[in-house]
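Following: one structure in C-alpha cells, then a few remarks.
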Amino acid sequence: MERRVVVTGMGAVTPLGNDVKTFWNGLISGKNGIGPITKFDASGYKVHLAAEVRDFHPEDYLEKPMLRKTDLYCQYAMAAAAEAMEDSGIEGRVSPDRLGVYVGSGIGGMKTFIEECTKLNAGGPRKVSPYFIPKLIANIAAGNIAVRYHAEGPSMCIVTACATSAHCVGEAYRLIKSGGADAVITGGAEATINGLAVAGFTNCMALSKASDPSRASIPFDRERSGFVMGEGGAILILEEYRHAVNRGANLYGEICGYGNTNDAYHMTAPQPDGIGAAKAVRLAVMEAGIPPDAKIYINAHGTGTPLNDKTETLAFKRALGPQARAALISSTKSMTGHMLGATGAAEAIACVLALKTGVIPPTIGYRVKDPECDLDYVPNRARMAKADYALSTSLGFGGHNACLAFRNPER
C-alpha cells in the first residue's frame, strides 16, 4: 500500500507575525512586512529596507540557559517548532525512533559569527565563547529540536541556499513515503539581517535599493530591481496518513509531489532558458498526478530580481504548457521579503492554507506589466478561488531547484 503524507501541524515566525494565524491573515490582507532596517545602523549602506521579525521574545519558547547557547536563527526555528508540535498534538503519540527532524538554514548563525569575530579582534582568543561553534553551525536547530522532542529517528540539515527548507520538506516527504519514519518535524530558519550579510548581498547585486517599502519587493513587476532581505522560521509536521487518521489528527493538507534538480549552469544566476526549474516543476506535477485541466495555485519563488522572475515565468510555461496561463501565481515575498533558508517552508504553509481556505494570497506592489512576465500573478488583492492543487517553487544560489506539490487530503 502506498504511504501518503499529510500536514498535521504548522508553526511560523515571520515579518508578518509570529504565529501561523497572524502570518496567514497578513498574507491574505496584503500586509507589507517591509520597513526601515533597525537591527543595525544602515546609514552608510545603499540598502535601507528589510523585512524584520518584530516583537519576538525567545524567552517565551526557551529556558534561560538555552538563550545564551543558541543563535537567533535557532531560536526562530525552535519557536516555530513549538507552535507546530502543539498544533499537531503528536508529542507522545509517535515512537521516538519513528520521529525525524529535517530542519535547515541557508547560512546558520551569522549573528553569532559576527559577535565572536568582534570579541576575537578586540580581546584575543580567550574572549571567544565556548558556545561559538554549536551556536554557529547550521545543523544545530535540527539537533536542538530533536533533543527537545526526543526525536530519535532520521535527522538531517539540508543547506541549499534559498531552496533549503523546501528541500527539507521534500526529503522529509520522501522519508515518510518510503517507510523510514512515521512523522518528521521539518522546515527551516534564517536570521541574517545584519551589516555583514546585507553588505555581501548588496555587493553581489542581489538586493533592492528602493527607499519606498511599497516599491521594494515587487516580483514580476517591470521595475523590479532585487529582493528584500527577510528572516524568520517555519516548521511543518509531516505525518504518514494512516498514522495521522488513527490518532484523530487534524489534516491540513497532503503533500503529493516533489521535484529536485540543479541548473548546473552558474554560481548565482539562474539558467536563462529555465529548463532546470521547469524540470523540477514537471517532476512534482508528474508525481502528484496533476491532470491538464486541474486548477493550480503556484506560490512562486518570485524574488523580484530581474533575472529570476522572467526565467521562472518561462519555466512555468515550459513545465505546464497551456495550463500555465490558467494558473494563479503569486509571490508572497512581496510581503515577507526573502526569508532565505526559511522561505520554502513558509511558502509551503501558504500553499496548504490557500487550498484549505480557498483564498489565494496576492502579489502586492504590482503596478507595471512586464512583457516577459505575462501570467496571472494575482496582483495586489487576494482572490477567492478553489484550487485543486498548489505548487511551491524555491530556487537557490548554486542552481538548486525545488518544487513541492500539495492537495487537500481525502479521508
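The values are calculated or read from the model by the stated rules, or taken from the named source; none is laboratory data. What you see is a predicted model, and the numbers here were worked out from it, not measured in a lab. Cβ atoms come from the backbone with ideal geometry, glycine included; neighbour counts cover every protein chain shown. Only protein heavy atoms, including side chains, enter the accessible area calculation; ligands, DNA and RNA are left aside. Shrake-Rupley method; radii C 1.70, N 1.55, O 1.52, S 1.80 Å.
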Condition check for ASN260: in contact (Cβ under 8 Å) with a residue 12 or more places away in the chain and in a strand (DSSP E or B):
yes
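Is it fair to say ARG242 is under 15 Å from PHE316 (Cα atoms), assigned to a helix (DSSP H, G or I) and at pLDDT 95 or above?
No; evaluated as a whole, the condition is false for this residue.
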So which residues in segment 263-280 are of a type outside the set (Lys, Arg) and in a helix (DSSP H, G or I), if there are any at all?
ILE275, GLY276, ALA277, ALA278, ALA280
Do we find a residue being open to solvent by 80 Å² or more (accessible area, probe 1.4 Å) and among the hydroxyl-bearing types (Ser, Thr, Tyr) anywhere in segment 83-105?
no
Residue count, segment 67-120 (criterion: farther than 15 Å from ASN144 by Cβ, of a type outside the set (Val, Ile, Thr) and in a helix (DSSP H, G or I))
15
Note down all Cβ pairs under 9 Å where the first residue falls in segment 68-96 and is of a type in the set (Val, Ile, Thr), the second is open to solvent by 40 Å² or more (accessible area, probe 1.4 Å) and in a loop (DSSP other than H, G, I, E, B), and they're at least six residues apart or on different chains.
THR70/TYR131
Looking only at segment 363-406, how many residues end up being closer than 30 Å to ARG174 by Cα and within 18 Å of the chain's Cα centre (by Cα)?
17
Taking segment 1-22 as the search range and keeping residues that are touching a helix residue (DSSP H, G or I) at 6+ places or on another chain (Cβ under 7 Å) and of a type in the set (A, V, I, L, M, F, W, C), which one is nearest to GLY257 (Cα to Cα)?
VAL5
Go through (1) closer than 16 Å to GLY170 by Cβ; (2) in a strand (DSSP E or B) one by one and return the number of the condition LEU283 breaks.
(2)
Hey, can you tell me all the residues within segment 225-238 that are closer than 17 Å to MET335 by Cα and either not charged (D, E, K, R) or not in a loop (DSSP other than H, G, I, E, B) (or both)?
SER225, GLY226, PHE227, VAL228, MET229, GLY230, GLY232, GLY233, ALA234
Given the residues LYS69, LYS111, which is the only one that is open to solvent by 10 Å² or more (accessible area, probe 1.4 Å), modelled with pLDDT of 95 or more, among the basic types (Lys, Arg) and under 25 Å from MET229 (Cβ atoms)?
LYS111
Hey, among ARG325, ARG318, which residue is open to solvent by 20 Å² or more (accessible area, probe 1.4 Å) and in contact with a helix residue (DSSP H, G or I) (Cβ under 7 Å, 6 or more places away or on another chain)?
ARG318
Being touching an Asp or Glu at 6+ places or on another chain (Cβ under 9 Å) and surrounded by fewer than 16 Cβ atoms within 10 Å (Cβ to Cβ) is the filter here, so list the residues in segment 187-214 that pass it.
GLY195
Filtering segment 144-162 down to residues that are open to solvent by less than 60 Å² (accessible area, probe 1.4 Å) and of a type in the set (S, T, N, Q) yields ASN144, THR160
Please enumerate the residues belonging to segment 177-196 that are over 18 Å from the mean Cα position of the chain (by Cα) and within 20 Å of CYS117 (Cα to Cα).
ASN194, GLY195, LEU196
Scan (1) under 23 Å from SER392 (Cα atoms); (2) hydrophobic (A, V, I, L, M, F, W, C); (3) out of contact with any Ser or Thr (no Cβ under 6 Å at 6 or more places or on another chain); (4) open to solvent by less than 10 Å² (accessible area, probe 1.4 Å) for the single condition LEU236 breaks and write down its number.
(3)
State which residue is surrounded by the fewest Cβ atoms within 10 Å (Cβ to Cβ) when the search covers only segment 43-57 and only residues that are in contact with a Pro (Cβ under 8 Å, 6 or more places away or on another chain) and in a loop (DSSP other than H, G, I, E, B).
ARG54
State all residues of segment 169-224 that are closer than 17 Å to ALA345 by Cβ, in a loop (DSSP other than H, G, I, E, B) and not aliphatic (A, V, I, L, M); if no residue qualifies, say none.
THR192
Under 6 Å between Cβ atoms, which residue pairs at least 6 apart in sequence (or on different chains) link something in segment 125-144 that is charged (D, E, K, R) with a partner that is at pLDDT 95 or above and in a helix (DSSP H, G or I)?
LYS127/LYS119; LYS135/THR112
Whichever residue in segment 370-409 is among the hydrophobic types (A, V, I, L, M, F, W, C) and over 19 Å from LYS317 (Cα atoms) and, among such residues, is least open to solvent (accessible area, probe 1.4 Å)
PHE406
What is the residue count in segment 123-143 for residues that are farther than 24 Å from ALA234 by Cα, open to solvent by 60 Å² or more (accessible area, probe 1.4 Å) and assigned to a loop (DSSP other than H, G, I, E, B)?
2
